[in-house]
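First the structure, in the form of structure tokens, and then the observations on it.
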Amino acid sequence: MALAPGAERGALPNLIVIGAQKCGTSGLHFYLGLHPEIQMSQPKEVNFFIRERNWDRGVEWYRGLFDPSKPIRGEASPNYTADPVFSGVPARMHSVVPDVRLIYIVRDPIERIGAHWVHNYAKQRTQTGLTETLRRDRTTYVARSLYHDQLSRFLEYYSLDQVLIIEQEDLRADREKTLRTVFDFAGVAPDFTHPRFRHERHRTDRKTRPTPLGNRLAKSRAKSARRVVPERAWALASGYWPLARRIERPARDDLVAAIPDDVLAELREDAARMRELSGRRFRRWSI
């Protein structure tokens, strides 16, 4: 049935996972989407409130991503907590969805930096080792681990009651209990469970980087109209030697050694403020 003139399509979200990057947002997005009362966006990272990404598409485009028949509609864009790389997000968000509930998932700030580097190295976005990368181009790596600094920008527009802070480690170690907390915060049946809650997604220690041979074959495959090797077979084979090398996740001591002293001090100060703000001890953190 056609919409009446002036009628709006879709519905605005009322739940947004704002980050942080490499803290389990993909897994959380997946688990949330299994709940029958929740619709999570496809794609996961809408990035609507980022001026350099999708802001210019307009609110009606954004509404069209969500199902009005679902009581809870959400998305997960970790770039929302990447100021100053992407600035002005909280103000834009509040202008569109002032009553939205926000979820901020975090992890040890040092380990997040390491996972971020592994991700970029695997995607060939950086060509240098961890130490050189952090000493040359540290802004995006460090800023995303300054959780209090990022969250405080949202608290200029949203009350702390509108924010749920959870730890990636809790989502891994005690998933069902953590998801009950998340579902209760979202306002849906908290006791919902699903067999796929047992599945862990996007582990950093499974990352690989293409070898020169892997890159050549991938480029040839992209140019070819024929697919001699089926997509699933290629996806499996391309993650193994001789097409790819596994990237070893940096040890915590190596991460600390790679980070300049002034940055470590900044991370420690921010972590202390995050503990005070949230009332959580974050016992597993190294700082």
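Remark: spin-label model distance Phe197-Arg280 equals 1.8 nm, labels positioned 7 Å along the Cα→Cβ axis. Heavy-atom surface analysis with a 1.4 Å probe gives the stretch 1-104 a carbon and sulfur content of 51 percent of its accessible area.
Under a model in which nothing but the beta-carbon of Lys, Arg (+1) and Asp, Glu (-1) is charged, the stretch 128-171 shows a dipole of about 360 debye around its Cα centre.
What residues qualify as long-range amide H neighbours of Ile103, i.e. H under 5 Å apart, gap of 5 or more or another chain, H built at 1.01 Å from N? Here the answer is Ile16, Val17, Ile18, Leu164, since their amide H atoms fall under 5 Å of that of Ile103. Farthest towards the positive end of the charge dipole of the stretch 90-130, among the residues Ile113, His94, Thr128, is the Cα of Thr128, using unit charges on the Cβ of Lys, Arg, Asp and Glu. Annotation for Glu156 and Ser69: the two label points, set 7 Å from Cα along the Cα-Cβ direction, are 4.1 nm apart.
Amide hydrogen proximity for Arg73: with H placed 1.01 Å from N in the peptide plane, the residues at 5 or more positions away or on another chain lying under 5 Å are Asn14, Leu15, Gln39. On a per residue basis, the stretch 1-105 carries 41 Å² of accessible surface, using protein heavy atoms and a 1.4 Å probe.
Model label sites at Ala91 and Asp253, defined 7 Å from Cα along the beta-carbon direction, differ in position by 4.7 nm.
In a fully extended conformation the segment linking Asp262 and Asp56 would gain 70.4 nm over its present Cα-Cα distance, using 0.36 nm per residue.
The values are calculated or read from the model by the stated rules, or taken from the named source; none is laboratory data. All of these numbers come straight from a predicted model, not from anything done at the bench. FYI the Cβ positions are ideal-geometry reconstructions off the backbone, even for glycines, and counts take in every protein chain you see. Remember, those area values only see protein heavy atoms, side chains included, never the ligands or the DNA or RNA. Shrake-Rupley method; radii C 1.70, N 1.55, O 1.52, S 1.80 Å.
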